[in-house]
Amino acid sequence: MSFKHENVETNAGVLLVLTMLAISVGGLVEIAPLFFIKDTTENVEGVRPYTPLESRGRDLYIREGCYTCHSQMIRPFRDEQLRYGHYSLAAESKYDHPFQWGSKRTGPDLARVGGKYSNEWHVQHMIKPTSVVPESVMPNYPWLLSTKLDVSDIGDRMRALRITGVPYSANQEEYDRNVKQFGEPVAKTLHIPNAVQNLVSQAQEGNFDGDRSSVSEMDALVAYLQVLGTMVDFSKIKPEELVKFR
């Protein structure tokens, strides 16, 4: 037996092939069952794709590296729930590509930050974090307020996400499907042909950066932050139903 092991360990080619085979088999054993277990794809009422404005805000969140200091995953532990709120459900991130779950927290977790602070607070926090949180080590992002949001490729971005399975609509049939699944008000925001119009409309109505005359990158980022953790009404979900979403 030891002789056979020695032959494998001294032959780089054989060792590589056997290692890849072991990894492949192990991966299939762990991953394949997930595609056939209904509980892994359960729907949670209220979860919807991001609007064009929120989606662009998420792009900026990733571009500026916010994910390197802030996770969006609350663990099912008492201390986490006391500080941040209900533990994160997998279904809440089903339209995120890539999702923002993780363990790195130089700053607080942002999974439930939506509605916790005003738009004005977020704007000031992005311009100069220490002005609202004196002990903050977060860098300043003042250019977000003065930089106009690029909306020229929002349709292409939504089409790319549509390929991954995000139910943005490109035709009447898909629009009708979204009306049935999410309701007409939400379905309108997910219709790609009207993406720019919907983006501008939400920015003006929400007035996220305090200036309705134009749409800035700050508008988009604050809109994204304000929606985090607000889609699911946990008061409507029974405790026994939450177990299968963990």
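Worth a mention:
- When each of Lys148/Lys188; Lys128/Lys188; Lys104/Lys180; Lys148/Lys236; Lys128/Lys236 is checked by Cα-Cα distance, pairs over 31 Å: Lys128/Lys188; Lys104/Lys180; Lys148/Lys236; Lys128/Lys236
- Shown for Leu199, Leu60, Leu82: other C-beta atoms within 10 Å of each C-beta, ranked fewest to most, produce the order Leu82, Leu60, Leu199.
- Förster-model FRET efficiency, 30 Å R0, Gln204 and Asn171, C-beta, rounded to 0.05: 0.65
- Since only His122, Pro139, Tyr87 are under comparison, the one whose Cα sits farthest along the positive direction of the charge dipole of region 81-154, derived from C-beta charges on Lys, Arg, Asp and Glu, is Tyr87.
- Helix axis angle, 52-63 relative to the chain longest principal axis, alpha carbon, degrees: 60 degrees
- Exposure proxy shown here: for Met73, Met231, the number of other Cβ atoms within 10 Å sets the order, fewest to most, as Met231, Met73.
- Potential extension, Asn194-Ala160 segment - 0.36 nm per residue separation minus Cα distance: 10.6 nm
- Among Lys116, Lys94, Lys188: highest mean-square fluctuation, GNM of the chain, C-alpha pairs under 10 Å: Lys116
- Taking 0.36 nm per residue of separation and subtracting the Cα-Cα distance, full extension of the segment from His5 to Lys104 would add 31.6 nm.
- Only DSSP H runs of four or more residues enter the estimate; each adds -39500 (n - 2.57), and after division by the residues of the chain the mean residue ellipticity at 222 nm equals -13500 deg cm²/dmol.
- Sorted by Cβ density within 10 Å, fewest first, the residues Asp79, Asp211: Asp79, Asp211
- With the convex hull drawn over the C-alpha atoms of the chain, the volume per residue is 209 Å³.
- ³J(HN,Hα) computed for each position of region 214-227 - Karplus, 6.51 cos²θ - 1.76 cosθ + 1.60, integer Hz, glycine/proline x: 8, 10, 9, 5, 5, 3, 5, 5, 5, 4, 5, 4, 6, 9
- Region 1-133 - Debye-derived log10 I(q)/I(0), Cα point model, q = 0.12, 0.14 Å⁻¹: -0.70, -0.83
- Full extension of the chain between Trp121 and Val133 gives 3.3 nm of extra length, using 0.36 nm per residue less the Cα-Cα distance.
- Sites Phe36 and Lys180 - FRET efficiency at Förster radius 45 Å, r taken between beta-carbons, to 0.05: 0.95
Readers should treat all values here as calculations from the given coordinates under stated rules, not as data from a laboratory. Given the structure is predicted, the values throughout are model-derived calculations rather than measurements. All Cβ positions, glycine included, derive from the backbone under ideal geometry; neighbour counts span all protein chains shown.
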